[in-house]
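Peer 1: Here you go, one structure.
The values are calculated or read from the model by the stated rules, or taken from the named source; none is laboratory data. Predicted model only: the values in this text are computed from it and were never measured. A quick note on method: Cβ atoms are made from the backbone with ideal geometry, for glycine too, and the neighbour counts reach across all protein chains shown.
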Amino acid sequence: MSIQTVAKTGNEAMAEAMRQINPDVVAAYPITPATEIVMIFSQFVADGLVDTEFVAVESEHSAMTATLAACAAGARSMTGTSSQGLALMYEILPIVSAMRLPIVMPEVNRAISGPINIHCDHSDTMAARDFGWLQIFSENSQEAYDNILQAMKICEHKDVRLPAMVTTDGFIISHCMEKIEMFDDKTVQEYVGKYPAYTKLLDLENPITLGALDLQNYYFEHKRQVAEAVKNSKKIILEIGKDFGKRFGREYGFIEKYKLDDADIAVICLGSTAGSAKSVVNELREKGIKAGLLKIRVFRPFPDEEIASALEGVKVAAAIERSDGFAGKGGPLYDEIRSALYDKKKKPLVVDYIAGLGGREITHDHLTEIFSEIGKIAATGSVENPVQYKGVR
Amino acid sequence: MAKDLGWKELPEGDILKSGTAVQFETGDWRTKKPVWDEKLCIQCLFCYIYCPDSAITVKDSKVTGVDYRFCKGCGICENVCPVKPVKAIRMFKEEK
């Protein structure tokens, strides 16, 4: 195995991962800020660097449909999208998981319209969290690259057979050039291995029916199977994350704890915010404040036990989330974290900060303020306003 | 299927053997019914090709009639029938 250190944006890193995987079919439609992924990939196709059949479709609805059909036919199939593109795929997303097709899709997090906006927040993927897709968030380009490779193995595992979206934060990661380590093509090819086609529509010797009508008598049982597969994926995600560490030196789990073990106060976030939070935690630690970070890498399946155990010794934790669920009681991250803690004896007070909507920056100052505010809660033990908006005028 | 399978025994991903549509009869909500006239029929097989429910029965490459268990009464067969001046398949009101 050889490792090359290169400068890549998040989009380039994901496109390179796709090139090295060399899928049989990619059907895609451009959308900012994910356009580059499939644009770069289509260049790989034109240059003969991959064997992929590239289908230039007329919408994301068709992109997901074509990817689904190709995957069902027995081809390793991928696509990529963002925001409105993902929204246009919503109708097909739960069909992919119901048909148990292991499609891996890079998804660049971008605010859902309206008002129309092209910048980062997580409202697009959060709205798609209940469709039986695994959701893996990346903090930087390196993680985006590593996550795509692992997702391929996770999804295609016989005990999982589910689709996954691997996300980066729009522009913040997708267009930011960073130093990453790439493995050589042969190593990646060997790592992902041959596609284990579970359904082969083109096998004329063994004709099958897929996507059949499933009424009161069988719909429930099929959904129960998807629920079980999502549950099963937890074990596989951990196994593959550990194995990745052994092979390549970077181990992955559901969450990343940063100076969390002895922390009194902590923030919890997804994606690129974790990078800024680490630097703020370092500053506070220098001042003797016991601050920590819990980064959630896998949002589906939701790692409830791991989060509860990571937060056991923390006094106050703040969820920082880039989407508002409009439930009138805080966002989805806050909801799920509190639900994970409900049955635990030792648990922190948890507050919610909705921040960074529509690409609004989540700055060092914002994060420092949040730590200072939860520091006060830790001192007094009382929460006045559990759900707040940070950085809004 | 004799017994309703539980989720643990059911094939995953809703994968079934082919040809299961024959077990699902779709002909019970028809309001108009096609009637085939053997004498007028020129055996072009257009109705057989166009029928969305494979309800036109064929034997030895010749149309033999309509399988009303599957015919939804859409009228496509009448529409595509090229025989003039009177079509070989015509739609009539379904009688109760």
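Peer 1: Is it true that some residue in the range A:142-150 is more than 15 Å from the chain's Cα centre (by Cα), crowded, with 24+ Cβ neighbours inside 10 Å, in a helix (DSSP H, G or I) and aliphatic (A, V, I, L, M)? Can you show your working first?
Peer 2: Initial filter on the range A:142-150 (more than 15 Å from the chain's Cα centre (by Cα)): none.
So far as the range A:142-150 goes, no, none of its residues is more than 15 Å from the chain's Cα centre (by Cα), crowded, with 24+ Cβ neighbours inside 10 Å, in a helix (DSSP H, G or I) and aliphatic (A, V, I, L, M).
Peer 1: What pairs come up if the first residue lies in the range A:202-214 and is facing another protein chain (nearest Cβ under 10 Å), the second is assigned to a strand (DSSP E or B) and modelled with pLDDT under 90, and their beta carbons are under 6 Å apart, counting only those six or more places apart or on different chains?
Peer 2: What qualifies is A:Thr209/B:Leu16; A:Ala212/B:Leu16.
Peer 1: Please work out which one of (1) under 30 Å from A:Met99 (Cβ atoms); (2) over 20 Å from the mean Cα position of the chain (by Cα); (3) at pLDDT 95 or above is the condition B:Lys39 fails and give its number.
Peer 2: It fails just one condition, (1).
Peer 1: Among residues belonging to the range A:178-201 that are in a loop (DSSP other than H, G, I, E, B) and more than 14 Å from chain B (Cβ to nearest Cβ), point out the one that is nearest to A:Glu12 (Cα to Cα). If you could, list the steps in order and put the result at the bottom.
Peer 2: Of all residues in the range A:178-201, those in a loop (DSSP other than H, G, I, E, B) come to A:184, A:193-201.
From what is left, the residues that are more than 14 Å from chain B (Cβ to nearest Cβ) are A:184, A:193-195.
On the way: A:Asp184: 16, A:Gly193: 22, A:Lys194: 24, A:Tyr195: 24 Å.
Ranking the candidates gives A:Asp184 first.
Peer 1: Let me confirm something: among A:His175, A:His222, which residue is at the interface with another protein chain (Cβ under 10 Å from one of its Cβ atoms) and in contact (Cβ under 8 Å) with a residue 12 or more places away in the chain? It would help to see each step written out before you state the result.
Peer 2: Numbers: A:His175 fails: at the interface with another protein chain (Cβ under 10 Å from one of its Cβ atoms).
Exactly one residue qualifies, and that residue is A:His222.
Peer 1: Additional query: Just to be sure I understand, how many residues within the range B:75-87 are out of contact with any helix residue (DSSP H, G or I) (no Cβ under 9 Å at 6 or more places or on another chain) and under 14 Å from B:Ile49 (Cα atoms)?
Peer 2: Number of matching residues: 1.
Peer 1: Does any residue of the range B:2-20 turn out to be out of contact with any Asp or Glu (no Cβ under 7 Å at 6 or more places or on another chain), more than 7 Å from every other protein chain (Cβ to nearest Cβ) and part of a helix (DSSP H, G or I)?
Peer 2: Scanning the range B:2-20, I find no residue that is out of contact with any Asp or Glu (no Cβ under 7 Å at 6 or more places or on another chain), more than 7 Å from every other protein chain (Cβ to nearest Cβ) and part of a helix (DSSP H, G or I), so the answer is no.
Peer 1: From A:Asp130, A:Asp124, grab the single residue that is without any contact (Cβ under 8 Å) to a residue 24 or more places away in the chain, among the charged types (D, E, K, R) and either away from every other protein chain (no Cβ under 14 Å) or surrounded by 24 or more Cβ atoms within 10 Å (Cβ to Cβ) (or both). If you could, list the steps in order and put the result at the bottom.
Peer 2: Details: A:Asp124 fails: without any contact (Cβ under 8 Å) to a residue 24 or more places away in the chain.
Just one listed residue meets the conditions, A:Asp130.
Peer 1: Suppose we filter A:Phe44, A:Phe54, A:Phe137 for residues that are of a type in the set (Phe, Trp, Tyr), in contact with a Ser or Thr (Cβ under 9 Å, 6 or more places away or on another chain) and under 30 Å from A:Thr273 (Cβ atoms); which single one remains? Spell out the reasoning first.
Peer 2: On the way: A:Phe44 fails: under 30 Å from A:Thr273 (Cβ atoms); A:Phe54 fails: under 30 Å from A:Thr273 (Cβ atoms).
Selected residue: A:Phe137, the only one of A:Phe44, A:Phe54, A:Phe137 that is of a type in the set (Phe, Trp, Tyr), in contact with a Ser or Thr (Cβ under 9 Å, 6 or more places away or on another chain) and under 30 Å from A:Thr273 (Cβ atoms).
Peer 1: Follow-up question, since we're still on this one. Is it the case that some residue within the range A:285-292 is surrounded by fewer than 21 Cβ atoms within 10 Å (Cβ to Cβ) and in contact (Cβ under 8 Å) with a residue 60 or more places away in the chain?
Peer 2: Start the filter on the range A:285-292 by keeping residues that are surrounded by fewer than 21 Cβ atoms within 10 Å (Cβ to Cβ), which leaves A:285-290.
Going one step further and asking which of them are in contact (Cβ under 8 Å) with a residue 60 or more places away in the chain, we end up with A:289.
Yes; the residues of the range A:285-292 include at least one that is surrounded by fewer than 21 Cβ atoms within 10 Å (Cβ to Cβ) and in contact (Cβ under 8 Å) with a residue 60 or more places away in the chain.
Peer 1: When you scan the range A:1-22, how many residues do you find that are closer than 15 Å to A:Gln189 by Cα and either of a type outside the set (A, V, I, L, M) or surrounded by fewer than 20 Cβ atoms within 10 Å (Cβ to Cβ) (or both)?
Peer 2: So the answer is 7.
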